[in-house]
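A.B. asks: Just passing along the structure, written as structure tokens.
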Amino acid sequence: MRRPDAPVQPGNAAIERFDMVESRRTGVVDEATAAARQLVAIALIQPALAQVHDSGFATGPFQPGAAERRLRPMLDSILAERIAATPAFPLVDRVRDALLSRGQRLEVTA
């Protein structure tokens, strides 16, 4: 493997190709991570937050007002995205790995 600071010699196409493939792989991993975060946030965390809000734990003067009820889905969406983006949420990593392995199998068979 070539050092990152070493200049690429003209005519050394193998090294240039390796660098292209490696940068493409990094882009695919980043896209898969973003997709996994979004999937976990929308499919798992947002419904859990909605269930907590609908459980009726707030009574009397602590019940949400009309504005809070209207804005709650937006707030839940933002909070779910932040929760899914934390490094301490390993489910995102697992979903990303599953997406990447499934993508590799599709790429080989296609």
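Throughout, read-outs are computed from the coordinates displayed, never taken from laboratory work. Quantities reported herein were computed from a predicted structural model and do not represent experimental measurements. With ideal geometry, Cβ positions are generated from the backbone for all residues, glycine too; neighbour counts draw on all protein chains shown.
A.B. asks: Fewest Cβ neighbours within 10 Å first, please rank 33, 59, 26 accordingly.
C.D. replies: Ranked by crowding around the Cβ, least crowded first: 59, 26, 33.
A.B. asks: Still on this structure: If R₀ is 35 angstrom, what is the calculated FRET efficiency for the pair residue 62 and residue 35, using the beta carbon separation as r and rounding to 0.05?
C.D. replies: 0.40
A.B. asks: With the calculation restricted to Cα positions, what are the radius of gyration and Dmax of region 19-99 in angstrom?
C.D. replies: 17.1, 63
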